[in-house]
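S.K.: My structure is below; once you've seen it, I'll send some questions.
The values are calculated or read from the model by the stated rules, or taken from the named source; none is laboratory data. The structure presented is a predicted model; accordingly, all values stated were derived computationally and were not measured. Cβ atoms come from the backbone with ideal geometry, glycine included; neighbour counts cover every protein chain shown.
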Amino acid sequence: MIPAANLLAFALVSIPIILIPGPSVLFVIGRSLSLGRVGGLLSVVGNSMGGLVAALAVALGVGYIIAESVIAFTVIKIAGALYLVYLGVQAIRHRKEAAATVGAPVAKRGVLRLLLQGFIVGVTDG
């Protein structure tokens, strides 16, 4: 049986971690707010496909290799963080154009771009 003090400490630490959204959630919320329902949905689909690839890699043992290699793990995490920073900078740079297109239909080229961006965030978020 787990001591009550340990269980309480675990709960106090776990609750804030559970409540704080991660990079994928913040990415999808930002895309939904700036690009509307379709943009948010495409970001979710791309993000889910990226998460599926990451889960498949773990199932095949690639995750173990990356987890054991501090360098590879750090490179993937830094790449994911830099990509989110890049997307944020692009959103700030093009905010006037984005404000004009809120609610506008997503072009075919935009569909692939949103799926790819969501995919990259999903793969590197693991």
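S.K.: Taking the options G80, G88, G51, name whichever one is small (G, A, S) and modelled with pLDDT of 90 or more.
M.R.: Numbers: G80 fails: modelled with pLDDT of 90 or more; G88 fails: modelled with pLDDT of 90 or more.
Among G80, G88, G51, only G51 is small (G, A, S) and modelled with pLDDT of 90 or more.
S.K.: Oh, and also: Confirm whether S43 is of a type outside the set (A, V, I, L, M) and out of contact with any Phe, Trp or Tyr (no Cβ under 8 Å at 6 or more places or on another chain).
M.R.: Numbers: of a type outside the set (A, V, I, L, M): yes; out of contact with any Phe, Trp or Tyr (no Cβ under 8 Å at 6 or more places or on another chain): no.
When the stated conditions are applied, S43 does not pass them.
S.K.: For the range 1-24, give me each residue that is in contact with a helix residue (DSSP H, G or I) (Cβ under 9 Å, 6 or more places away or on another chain), of a type outside the set (G, A, S) and closer than 20 Å to T124 by Cβ. Break it down stepwise before answering.
M.R.: Of all residues in the range 1-24, those in contact with a helix residue (DSSP H, G or I) (Cβ under 9 Å, 6 or more places away or on another chain) come to 2, 21-24.
Next, from what is left, pick out any that are of a type outside the set (G, A, S): 2, 21, 23.
Across the range 1-24, the qualifying residues are P21, P23.
S.K.: Can you find, within the range 39-60, the residue that is nearest to D125 (Cα to Cα) among those that are over 11 Å from the mean Cα position of the chain (by Cα) and surrounded by 17 or more Cβ atoms within 10 Å (Cβ to Cβ)?
M.R.: Taking the candidates together, the pick is A54.
S.K.: Tell me yes or no: at least one residue of the range 101-121 is among the polar types (S, T, N, Q) and at pLDDT 90 or above.
M.R.: In the first step, residues of the range 101-121 are kept if they are among the polar types (S, T, N, Q); the result is 101, 117.
Of the ones still in play, those that are also at pLDDT 90 or above are 117.
Yes, because at least one residue in the range 101-121 is among the polar types (S, T, N, Q) and at pLDDT 90 or above.
S.K.: Is the range 6-15 home to any residue that is part of a helix (DSSP H, G or I), hydroxyl-bearing (S, T, Y) and under 17 Å from L87 (Cβ atoms)? Let's see the steps before the verdict.
M.R.: Looking only at the range 6-15, we keep the residues that are part of a helix (DSSP H, G or I), and these are 6-15.
Now narrow it down to the ones that are hydroxyl-bearing (S, T, Y): 14.
When the remaining residues are screened for being under 17 Å from L87 (Cβ atoms), the result is none.
Within the range 6-15, none of the residues are part of a helix (DSSP H, G or I), hydroxyl-bearing (S, T, Y) and under 17 Å from L87 (Cβ atoms).
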